[in-house]
Amino acid sequence: MMMKRFGPVQAALFLAALSALPLGAFPASAQTAAEESDDVERGIAEWQAGDYRAAVMTWLPAAARGNAHALFNLGLAHRQGRGVPQDMGKAEDFFRRAAAKGHAPARTYVGIFLAKRGETAEAIDLWQQSAREGDPYARYMLGVRYFNGKDLKKDVPRAYGYMLVASNAGLTQAGKALRRMDELVSPEERQAGERIAAQLSAPGTPAPAAGTPGAPAIANVPVPAPRPQASTASASSSRSRPAAATGDYRVQLGAFSRRELAEAGWKAMQARHPAVLSGLSPVYAQFEGGYRLQVGGFPARGGAASLCARIQDAGQPCFVAAAN
C-alpha cells in the first residue's frame, strides 16, 4: 500500500491532532490489519536504517487507527527525539494509549514515567504485570530494584533470575548488569537465581521468595532504549528453527513477519552502514512469527559479541543470538 508522505508542517499538525484524538477515531475499515502490520514493519526497516523521520511518517496512519505497536513506536520516537522533536509528554501519551490496548512494553514505559514522578508503587505494579507477560525491559527494571533493595525488598537470587531472563531475551543492558552481578554474587545466590530464571521462563509459574541481604548494589544502571517493535515478529522467540549457517552464534539485526521485508531491511542497513556490513552475508532464520535477520556464524559467543560491538558503534542496534 502506497502511503502519502507529509511535509514537516503537515507532520507536526498530524501529530498534534493524533495526540488529541481518542483511540478508534479513524474508521477501522479504512485499512486492513495486514496492511497496518506492513506499515509498522516498513517503519521498522526505515528506523533500523537510520531514517527516523520516514519511520515516524510510516507509523502515523496505523497509530491513528489505534494500532498498539505503531503507538508504542511513536512513543519511543518522541522519547528519544528521533524523527520528531523530543517530547516526553507526547511520549507518555503514546505509551499510555498502547498500554491501554494490552501492549506490555508500553506498560513498562508508563511505569518508568510514574517512577520518575515518585509514583513507585504504581510503577512497580505495572512492571510486575509486564514481567508476567514476558517483557524483558520490565524484568530488567525489577531486577535492578531487587538487587539494590530500592523500592522492593532486597532479593539477590530473584534479581539475578530477572536479569538472566532479560539478558537471554537479548537486552544489552541486562547483559551488562548480569556480568556485574556475576562479580558480586555468591555461587549459591547465582544457582538460586538460575532456578528462578527457569521458573520465570515457564508461563504462569511464580518465582519463589528468597531474600538475601548484604550484597553490594549495582550503581547507575540505565533505563534501556529498545528498538521499535514489529506487529507480528518477536526477536526473542524461543521457538526458532535452525537456518543453514556455520557456527553456534550470530548477530541479530532485526525480525520481520515476511522474508521480503527482512531482505529490504538488510539492503537498507547495508546502504546505511557499508563500512561494517559490507562483506557480510545475511541469514534469514525462519521462526513461527516470521524471519530473523542475522549475520555471521561464530563457534564462540565472543566472536559474535565483537562483531555486534562494531555494528553498534556504527549506530546500528544488534544483539548476539544463538544459531538454533
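The values are calculated or read from the model by the stated rules, or taken from the named source; none is laboratory data. On a predicted model such as this, the values are computed, not experimentally measured, just so you know. Please note: Cβ atoms are built from the backbone with ideal geometry, for glycine as well, and neighbour counts cover all protein chains shown.
Kindly evaluate residue 17 against the criterion of being of a type outside the set (Val, Ile, Thr), more than 24 Å from residue 290 (Cβ to Cβ) and at pLDDT below 50.
Details: of a type outside the set (Val, Ile, Thr): yes; more than 24 Å from residue 290 (Cβ to Cβ): yes; at pLDDT below 50: yes.
So residue 17 fits the description; yes.
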Can you tell me which residues in segment 260-279 are at pLDDT 85 or above and polar (S, T, N, Q)? 270
Looking at (1) touching a Lys or Arg at 6+ places or on another chain (Cβ under 8 Å); (2) under 24 Å from residue 136 (Cα atoms), find the lone condition where residue 292 falls short. (1)
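Matching residues to (1) within 26 Å of residue 291 (Cα to Cα); (2) touching a residue at least 40 places away in the same chain (Cβ under 8 Å); (3) not hydrophobic (A, V, I, L, M, F, W, C):
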{"site": "46", "(1), (2), (3)": "yes, yes, yes"}
{"site": "50", "(1), (2), (3)": "yes, yes, yes"}
{"site": "67", "(1), (2), (3)": "yes, yes, yes"}
{"site": "98", "(1), (2), (3)": "yes, no, no"}
{"site": "110", "(1), (2), (3)": "no, no, no"}
{"site": "125", "(1), (2), (3)": "no, no, yes"}
{"site": "133", "(1), (2), (3)": "yes, no, yes"}
For segment 286-300, which positions are farther than 20 Å from residue 37 by Cβ and within 21 Å of the chain's Cα centre (by Cα)? 294, 295
Among the residues of segment 64-94, how many are buried (at least 21 other Cβ atoms within 10 Å of the Cβ), small (Gly, Ala, Ser) and under 17 Å from residue 107 (Cβ atoms)? 4
Please count how many residues of segment 135-179 are under 17 Å from the mean Cα position of the chain (by Cα), of a type in the set (Gly, Ala, Ser), closer than 19 Å to residue 191 by Cβ and at pLDDT 90 or above. 1
Scan segment 57-108 residue by residue and report those that are assigned to a helix (DSSP H, G or I) and of a type in the set (D, E, K, R). 79, 90, 92, 93, 96, 97, 107
Going by the structure shown, is residue 188 surrounded by fewer than 23 Cβ atoms within 10 Å (Cβ to Cβ) and without any contact (Cβ under 8 Å) to a residue 12 or more places away in the chain? yes
Scanning segment 66-104 for residues that are over 17 Å from residue 37 (Cβ atoms) and in contact with a Ser or Thr (Cβ under 7 Å, 6 or more places away or on another chain) gives 90, 93, 104
Filter pass, residue 320 being surrounded by 14 or more Cβ atoms within 10 Å (Cβ to Cβ), under 17 Å from residue 170 (Cβ atoms) and in contact with a Leu (Cβ under 8 Å, 6 or more places away or on another chain): no
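Name the residue, out of 166, 138, 159, 177, that is touching a Lys or Arg at 6+ places or on another chain (Cβ under 6 Å) and among the small types (Gly, Ala, Ser). Don't jump to the end; show me each part of the working.
Numbers: 138 fails: touching a Lys or Arg at 6+ places or on another chain (Cβ under 6 Å); 159 fails: touching a Lys or Arg at 6+ places or on another chain (Cβ under 6 Å); 177 fails: touching a Lys or Arg at 6+ places or on another chain (Cβ under 6 Å).
Just a single option satisfies the conditions, and that option is 166.
Within segment 133-142, take every residue that is touching a Leu at 6+ places or on another chain (Cβ under 9 Å) and assigned to a helix (DSSP H, G or I) and give me the one that is farthest from residue 171 (Cα to Cα). Steps first, please.
Narrowing segment 133-142 to residues touching a Leu at 6+ places or on another chain (Cβ under 9 Å): 134, 136-140, 142.
Right, trim to assigned to a helix (DSSP H, G or I) and you get 136-140, 142.
Numbers: 136: 7, 137: 8, 138: 11, 139: 10, 140: 8, 142: 14 Å.
Top of the filtered list is 142.
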Tell me which residues, restricted to segment 147-164, are closer than 27 Å to residue 103 by Cα and either buried (at least 24 other Cβ atoms within 10 Å of the Cβ) or touching a strand residue (DSSP E or B) at 6+ places or on another chain (Cβ under 9 Å) (or both). 147, 158, 159, 160, 161, 162, 163, 164
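Just checking, how many residues over segment 279-292 are of a type in the set (Ser, Thr, Tyr) and either surrounded by 14 or more Cβ atoms within 10 Å (Cβ to Cβ) or touching a helix residue (DSSP H, G or I) at 6+ places or on another chain (Cβ under 7 Å) (or both)? Please lay out each step first, then the result.
Taking segment 279-292 first, the residues of a type in the set (Ser, Thr, Tyr) are 281, 284, 291.
Narrowing the set further to residues that are either surrounded by 14 or more Cβ atoms within 10 Å (Cβ to Cβ) or touching a helix residue (DSSP H, G or I) at 6+ places or on another chain (Cβ under 7 Å) (or both) leaves 284, 291.
Residues flagged as of a type in the set (Ser, Thr, Tyr) and either surrounded by 14 or more Cβ atoms within 10 Å (Cβ to Cβ) or touching a helix residue (DSSP H, G or I) at 6+ places or on another chain (Cβ under 7 Å) (or both) within segment 279-292 amount to 2.
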